[in-house]
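Taken together, the values in this text are just the output of simple stated rules run on the coordinates, not laboratory data. Small disclaimer: the values here were computed from a predicted structure and weren't measured. Please note: Cβ atoms are built from the backbone with ideal geometry, for glycine as well, and neighbour counts cover all protein chains shown.
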Amino acid sequence: MQYELRTQVIDPPRKTFDHLVRRYGDRPASRYEEGTIDIQAKENFHYRPLWDPAHDIYDEAYSAFRLTDPYSFTDPRQYYYAPYVTSRAAMADAVAATLDYLDSRDLLSRLPDAWSSVMGELLVPLRHYESGAQMVSCDIARFGFGTTITQCAAYAAFDRIGNAQALSRVGIALGGGTAELLADAKTRWVEDASLQGLRRYVEELFLEKDWGRALVRLDVADRLVYGLFFAHLDDAAIDQGAGSYSLVAQHLSSWFADQRKWVEALYKAWVTDPGTGAANTQLLAVTTTEALAAALVALGPVAARADELVGAAAAASLDATATTIRDAVAALTA
Amino acid sequence: MKQRYEALTRDLDWEPSYVAKSDVFPHTEFEGIKIHDWSKWEDPFRLTVDAYTKYQAEKDKRLYAVLDGFAQSQGHLTLTEASYLNAMKLFLQGVTPLEYQAHRNFAYLARHLNGPGPRFAALCQSIDEMRHTQTEIHTLSNYNKYYGGFHNYLEQHDRVWYLSVPKSFFDDALTAGPFEFLIAIGFSFEYLLTNLLFVPFMSGASFNGDLPTMTFGFSAQSDESRHMTLGLEAIKFLLEQDEANVPIVQAWIDKWFWRGYRVTALVAQMLDYMLPRKVMSWKEAFELYFEEQMLGGLFQDLAFYGITPPKHVDDAIAEKEILSHQVYWTLYQFSHAAAFTTTFPDADAQTWLAENYPGTFDKLYKPLWDKEARNLENGGRHFVRGLPQLCQVCQIPMLFTEPDDPTTLCQRESVHNGEKFQTCSNGCQWIFEREPEKYVQAWLPVHQIYQGNCGGPTVPDVLAWYGIQEGDGGEYKGSVDDTNWKSWHNAADHSHIGSEA
C-alpha cells in the first residue's frame, strides 16, 4: 500500500538540448552528457593566438592523434564536476584516515630501516614527478580536442597535485612532523643519480607540443612508476614486514586504477575510429614503443636502487611491466 | 599553516637542467612583462586539494538537491513571469560558454606560468570554471524542457549576431598571452566588472522566484571570491615585479575595461527591461559597483603603483543614463532574429524607467515607445527587416551616440592596409588602432551573412542556420512561452493536470 500524492504534471515540450537530440536521439540526457558533450566551441573563432598564429583557439591539429568525432570518446567514469569532487573528497578522507592511523601508532618510525629509506629516498621524491605530471595534464586540458578528453585531463591534473600533496604528507609524517625530509627529497630529485633519468624524462616531456603524444608518453611512464611503487613494492613490503608502506601505497594504486580507465577508453576510441583508426594505431604503437624505451632507461636506476635497499626484484618487475606494455602494442598492430 | 601549505604546494617546483627553462615556459616573455621573483606571488587562500574537494563536494550536494526539488515540484510555475526567463536565455547563450572558455585557459595558465603558486591557483580556478559551466547548464536545463530559447545555446554562441559580442570578447582574451589574459579575465572581468556582468543575473533571479539560479549564484560566491582575489593578486604582482610592467598593464586595463564594459551593454538592458520585478537600475548598479567601488576604491589603491583609471572611462560614465534604453530599443526591433523575446514596456515599467532615469527617459526614449504604442494599436509591431552594421571591435550594432550628444549616432572609421573599418566609439576605435592585425580577423556575423556563410541569403535561411524555432524570438505577448505559461496557470481547475501514479 502506498499513499497517493497528487502533483501537478506537465508534459515538457522538450527532453534536452538540440545538440544532444541530434547525437543521441530524442531522449532525456544525463548530467554528464549535458555538462560535457559538444561544449567546446566548434566554429567561427574570431582571432588566432598571438603565440601560435598557425592554429585556431581549439584546433585538432594540436595533435597527430585524431578522432573523426571527438565525442566518440566518453569518460567511462562519467565524471562531471560534482561526482568528480565527491569521489576525490572520499579518497582524501581515506588518505587522511591512513595517515592518522600511521601517526597514532607511530608506524612510520617503526618501519624496517631499508623500507624507511625506500620511502625517503625514492617514494617521497615522486611528489616532483606528480607535479610534473600535473603540468603535462594541464597542457592536455588546454590543447586537447573535445571536452570529453580535456575534462578528464583537467581532473587528472588536479589529481596529480593531490597525489603530490599526499606524498608530501607522507614525507612530513616520515620526517617526524617536519618538512626536513621534503627538502631532502627535493635535493635527491635534483641530484641523486638514481632519480636523474626520471627527472630528465619529465623535463623532456614538458617540451612535447603534441598533446596526444604527451598523454601517451606520460601514461607509459606512469604504468612503470605505479607498477613498480604501488603494485610490486607494495607486495614486497608486505612480505618483508613493512605493512605501513602498503597502507600508503593502496591509495595511489586505487587512484591509478581509476586514472587508467579513461586513458584506456581513449586509446580504444583512437584505434577503433572508422576514419582515423589505422593512423592512430600506428601512432600509438610508435609512440608507446619509443616512450617505453626511454622510460625504461629512466626507471632502471630507480629499480636498481630499490633492489639495493630491499632486494625486491624491482628490476625484474619493471621488465615484466614493459613486456605487458609491449604485448599490448603488438596486439594493436597484429 | 603557511609553512605546511608551502611545503605541500610551492616547494614541488624545481629548476630544470636537462632542457632550457625558456623552452619549458615559452609563452612568458613575448609580452614584455618582466618577472624577477615568482615566489613573491602570494596565494592568500592556501587551499590544499583535500580541503578543496571536501568543501566543493558539500556545496554541490546542496545545490543539486535544490535543483532536483525545484524540478520535481514544477517550481518554474512560481517564477514572476515566463518573460523573466529571457534574462536566463541570454545568460545560458552568452555567459555559460564563457565560463567554459575560462576553464580551458586557466588550464593553460596552470601549465604555462613559471611559478608553482600561481599555477596551482590557476588550476583551482580552471576546475571551478568547469563547475560553473556545468552547474549553470544543469540549473537551466529544467527551464529548457518547458520554455523556448534555451535549446540550441551552444551552436548559437558560435553563430548568432548578438552572441558574437561575448564570444569575440573571450576569444580576444584566449588569443592573448598569459599575462594579458590574467589582466583581461582575472582582473578586469572577474574583479573590475564582475558586479556588473555576473551578479545582476543572480540578483534578478532572486527577485523573480528563480530559486535554482539564485542558489547557484550563492554557491558560486566563495569560488568567485577566490577568483577576485587571484585577479587582484595578479595585478599587484605584475606591478610590483618591475616598473617597466606598469605601462603595459595600464594599456591592458584601458583595453579590457572598455572591452568588458561594452559586453555589459547586454546586461544593462536586461536589468532595466527584461526583469518583470526589477532589482535596481543599470545607472544605480553602475554608480555603486563601478564608480563608487572601483573608481572610488580600487583605483585609489592602484594609484600607489602609478595606475590611473581606464582610458575612456568618462565616455562610459557619460552614457550611464542612455545605454540600456538604446540597447533595448535595438534588441526590441531585432528580436525576431534572436533566441529571446522582447515586448513593449507597459505603463508600470515606463513609470519605473522615468523615475530611475529622470534626465533621459521621458525626453529621449518615451517618444519612441509612444510611437510604437501607436504602431501596436494599428496591429503593426515594429521589426527591422534589414541587417545592422556591427562595430569591428565589440560587434554590437552601431547604435551608440556621441558622448556629448545622445541624438547623434557615433561612428568612427579607421583605415588599415587601405581598407576601412567602422567602430562604435572612441574606446573601440582606440582598441582597433592599437592592434589592427588582430581585429581585422574578426568573424563579423553580418558580414558573414552577406558573404553567404550563414545558411543562405534570406532571413528564414539564417534563422534556420541559427537553429531558431517558432517561439524562440520575436514578440513575447502571444508567444509560445506566453501561451503555455497562461494555460499552465489557468489549469487551476486541474482539468489539464494529471496526477502521478
Could you give each residue of region A:166-173 its phi-based ³J(HN,Hα) in whole Hz, using Karplus coefficients 6.51, -1.76, 1.60 with θ = phi - 60°, and x for Gly or Pro?
5, 5, 4, 5, 4, x, 5, 5
If I take all pairs of Cα atoms in region B:58-213, what percentage of them are more than 29 Å from each other?
22
What are the ³J(HN,Hα) values, in whole Hz, obtained from phi via the Karplus relation 6.51 cos²θ - 1.76 cosθ + 1.60 with θ = phi - 60°, for each residue of region B:294-307 in sequence order, with x given for Gly and Pro?
8, 5, x, x, 3, 6, 5, 5, 6, 4, 3, 8, x, 8
For region A:281-291, Karplus couplings with θ = phi - 60° (6.51, -1.76, 1.60), whole Hz, Gly/Pro x:
4, 4, 4, 5, 5, 5, 4, 5, 4, 4, 5
Report the relative contact order of region A:99-250, percent, no decimals, based on alpha-carbon pairs under 8 angstrom and at least 6 residues apart.
29
Would you mind calculating the relative contact order of chain A from Cα pairs under 8 angstrom and at least 6 residues apart, reporting the percent as a whole number?
22
Quick one: if you stick a label point 7 Å off each Cα along the C-beta vector at residue B:68 and residue B:465, how many nm between them?
4.4
Please list, in order, the residues from region B:223-252 whose amide nitrogen is less than 19 Å from a point placed 7 Å along the Cα→Cβ vector of residue B:34.
B:235-252
Calculate how steeply helix B:211-241 sits against the longest principal axis of the alpha-carbon atoms of chain B, using the helix alpha-carbon long axis, and give the answer as 0 to 90 degrees to the nearest 10.
40
For chain A, what ratio Rg/Rh do Cα atoms give with a Kirkwood hydrodynamic radius?
1.03
Computed E for residue A:100/residue A:43 - FRET, C-beta separation, R0 45 angstrom, nearest 0.05:
0.30
Among the listed pairs B:283/B:371; A:268/B:61; B:54/B:255; B:366/B:486; B:61/B:283, give every one whose C-alpha distance is greater than 27 Å.
A:268/B:61; B:54/B:255; B:366/B:486; B:61/B:283
Per-bin percent of Cα-Cα distances, region A:34-83 [10 Å]
19, 42, 31, 8
Only Lys, Arg (+1) and Asp, Glu (-1) charged, at Cβ; region B:284-330 dipole about Cα centre in debye:
180
For region A:1-43: Kirkwood Rh in Å [reciprocal of mean 1/r, alpha carbons]
12.9
Just to compare against my own numbers: the Cα pair-distance distribution for region B:216-265, 10 Å bins, whole % per bin, please.
22, 35, 34, 9, 0
Given the pairs B:320/B:477; B:59/B:278; B:89/B:167, which span a C-alpha to C-alpha distance of over 18 angstrom in this model?
B:320/B:477; B:59/B:278
In peptide B:111-123, how many Cβ atoms from other protein chains are near each Cβ within 10 Å, on average?
3
Could you tell me the distance between the Cα centroids of region A:130-152 and region B:1-52, to the nearest Å?
18
Nearest 10 degrees, 0 to 90: what angle lies between the long axis of helix B:366-377 and the longest principal axis of chain B (Cα atoms)?
40
Suppose we flag GluC sites (Glu not before Pro) only when DSSP calls them loop and at most 12 other Cβ atoms lie within 10 Å. Which is the longest uninterrupted stretch of chain A?
A:44-334
Taking only the alpha carbons of region B:24-107, the radius of gyration and the largest Cα-Cα distance, Dmax, both in angstrom, are 20.6, 58
Residue farthest toward the positive end of the dipole of region A:80-333, with Cβ of Lys/Arg at +1 and Asp/Glu at -1: which of A:175, A:278, A:237?
A:278
For the protein assembly as shown, what is the charge dipole size about the Cα centre, in debye to the nearest 20, if Lys and Arg each add +1 at the Cβ and Asp and Glu each add -1 at the Cβ?
900
Normalised by the empirical 2.2 N^0.38 Å for globular proteins, what value does the Cα Rg of region B:277-375 take?
1.34
Calculated P(r) tail over 52 Å for the protein assembly as shown, as whole % of Cα pairs
19
proj_area_mean for region A:175-334 (convex hull on C-alpha atoms), units nm², value 10.4
Theoretical FRET efficiency, 1/(1+(r/R0)^6), r = Cβ-Cβ of residue B:58 and residue B:225, R0 22 Å, to 0.05
0.85
Pull up the cross-link candidates among the lysines for residue B:40, meaning alpha carbon to alpha carbon under 26 Å and not fewer than 8 places away within one chain.
A:186, B:2, B:21, B:236
Computed P(r) (all Cα pairs; region A:13-150; 5 Å bins; percent):
2, 8, 11, 13, 15, 12, 11, 9, 7, 6, 5, 3, 1, 0
Per residue and in cubic angstrom, what volume does the convex hull of the Cα atoms of region B:18-59 have?
158
Burial ordering of A:198, A:181, fewest other beta-carbon atoms within 10 Å first:
A:181, A:198
In Å and whole numbers, how far do the C-alpha atoms of chain B stretch along each principal axis, longest first?
77, 67, 45
Residue B:308-residue B:243 FRET efficiency (beta carbon distance; Förster radius 22 Å; 0.05 resolution)
0.90
Once amide H atoms are built 1.01 Å from N in the peptide plane, which residues 5 or more positions from residue B:401, or in another chain, come under 5 Å H to H?
B:410
In degrees, nearest ten, helix B:96-112 long axis to first principal axis of chain B (Cα)
10
Estimated [θ] at 222 nm from DSSP helical runs (n ≥ 4, -39500 (n - 2.57)) normalised by residues in the protein assembly as shown, nearest 500:
-18500 deg cm²/dmol
What aspartates and glutamates does residue B:420 reach when the alpha-carbon gap must be under 17 Å and sequence neighbours fewer than 8 apart in one chain are set aside?
B:433, B:435, B:437
For region B:428-472, what percent of Cα pairs sit more than 14 Å apart?
58
So if I restrict to the alpha-carbon atoms in region A:184-269, what is the Rg, and what is Dmax, the biggest pairwise distance, in Å?
15.2, 45
Computed over chain B, the relative contact order (Cα-Cα under 8 Å, seq sep at least six) in percent reads 17
Among B:356, B:334, B:306, the residue whose Cα sits farthest towards the positive end of the charge dipole of region B:235-379, when +1 is placed on the Cβ of each Lys and Arg and -1 on the Cβ of each Asp and Glu, is B:334
DSSP loop trypsin sites (Lys or Arg not before Pro) in region A:1-52 with at most 10 other Cβ atoms within 10 Å of their Cβ, which ones?
A:6
How much length is gained if the chain between residue A:209 and residue A:184 is pulled fully straight, taking 0.36 nm per residue apart and subtracting their Cα-Cα distance, in nm to one decimal?
5.8 nm
